[in-house]
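Okay, so here's the structure we're looking at.
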Amino acid sequence: MTARFTGKRVFISGAASGMGWATAVQFGGEGAVVYCADINIVGAEKTAQKIIDAGGDAHAAALDVCSGDDCRRVMAAAVSTMGGLDILCNVAGIGGIAPLAEETDEGWCRAMAVNANGPFFLSQAALASLLENKGVIINVASTAGLQGQAYMASYVASKHALVGLTKTMALEFGRQGLRVNAVCPGGTKTAFLKGFRIGENIDMGLLSRTSLLEEMAEPQDMAHSICFLASADARFANGAILSVDGGSVVG
């Protein structure tokens, strides 16, 4: 494995499993110091230990991305521990399926809180250090941030919000040396998909166009794309919205 990130300090939300786990491990394997944050502290600690066991440098912390106060607290601790920040990866996310008429207030608000508010809170908290170091933010959105999908109103709306936040931050801070990009995964083999339980009242014909029913990617496929956008290899990419979905949104 190359060492593109030697000396770089990386913060990853959702690092306990799936894409966040794969991304943390790849950054660690390429020389970065990795701060693994997740609401599942046991999982985050296991990710950090895997990096350490492989000869890397990592830390772990519990993080509730729905809380602005918690995001600011954990980010401040990470910047202090690592001596700064170069790369922020907003990977934490939730999903689900519900007909619009049956979506609950709690379900809607929870999706927005995790998928949109969390990246905003963490990006804002990291901003000073990232600007100082001319850093990078990578947001993990979804193909649901690029197109409508039946029975996923809260998920689609939250991921569209994240794509919009990505573009806005890229415009606002690009001339100050901060790059902000997003990866939009299609269906990927992670525990995240457990949230997309298909009930008897779902018209499968309306779901057939989504990537959930196609061949699944591996978490490492997304990690490769995230690390590419975070690296100097993508130094001219700013405001990029990269679909990594096997072509599911092209038709």
List, in order, the whole-Hz ³J(HN,Hα) value for each residue of region 100-105 obtained from phi through the Karplus relation with A = 6.51, B = -1.76, C = 1.60 and θ = phi - 60°; use x for Gly and Pro. 3, 5, 9, 5, 9, 4
Region 14-151, Kirkwood Rh and Cα Rg, ratio Rg/Rh at 1.00
Computed label-point distance, nm, for sites R73 and C109 using a 7 Å Cα→Cβ extension: 2.1
Packing-based ranking, highest mean first, of 112-118, 230-236, 125-131 given that Cβ atoms within 10 Å are counted: 112-118, 125-131, 230-236
Dipole size in debye (nearest 20) for the chain around its Cα centre, Lys and Arg Cβ +1, Asp and Glu Cβ -1? 660
Applying the gyration tensor rule to the Cα atoms of region 1-87 (axes a ≥ b ≥ c; rounded if a/c under 1.5, else prolate if a/b exceeds b/c, else oblate), the class is oblate
Please report the carbon-and-sulfur percent of the accessible area for the chain; probe 1.4 Å, protein heavy atoms only, DNA, RNA and ligands left out. 54
Hey, can you find the accessible area per residue of the chain for me, probe 1.4 Å, expressed in square angstrom? 44
In terms of the Cα gyration tensor, with a ≥ b ≥ c the square roots of its eigenvalues, is region 78-178 rounded because a/c is under 1.5, prolate because a/b exceeds b/c, or oblate? prolate
Given points 7 Å out from each Cα along the Cα-Cβ axis, report the E132 to E102 separation in nanometres with one decimal. 5.0
Around G239: net Lys/Arg minus Asp/Glu count, Cβ-Cβ under 14 Å: +3
Which listed pairs, of K8/K167; K50/K159; K8/K50, have C-alpha distances above 27 Å, in listed order: K50/K159
For E103, what residues show an amide H to amide H distance below 5 Å, using hydrogens built from the backbone and excluding near sequence neighbours? none
Rank-order 159-172, 88-101, 49-62, 12-25 by packing density, defined as the average count of other C-beta atoms within 10 Å over each peptide's residues, highest first. 12-25, 88-101, 159-172, 49-62
Mind listing the phi-derived Karplus ³J(HN,Hα) values for region 18-31, rounded to whole Hz, using 6.51, -1.76 and 1.60 with θ = phi - 60°, and x for any glycine or proline? x, 4, x, 4, 4, 5, 4, 5, 5, 4, x, x, 9, x
Compactness of the chain - radius of gyration and Dmax, Cα, Å: 17.2, 52
Using helices alone, I'd like the mean residue ellipticity at 222 nm for the chain: each DSSP H run of four-plus residues gives -39500 (n - 2.57), total over residue count, nearest 500. -12500 deg cm²/dmol
Using distinct alpha-carbon pairs, which all enter the 1/r mean, Kirkwood radius of region 117-168 in Å: 11.9
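The values are calculated or read from the model by the stated rules, or taken from the named source; none is laboratory data. Values in this document were obtained by computation on a predicted structure and should not be read as measured data. Positions of Cβ are generated from backbone atoms using ideal geometry, with glycine treated the same way; all protein chains shown enter the neighbour counts. Keep in mind that these areas ignore ligands, DNA and RNA; they rest on the heavy atoms of the full protein, side chains included. Shrake-Rupley method; radii C 1.70, N 1.55, O 1.52, S 1.80 Å.
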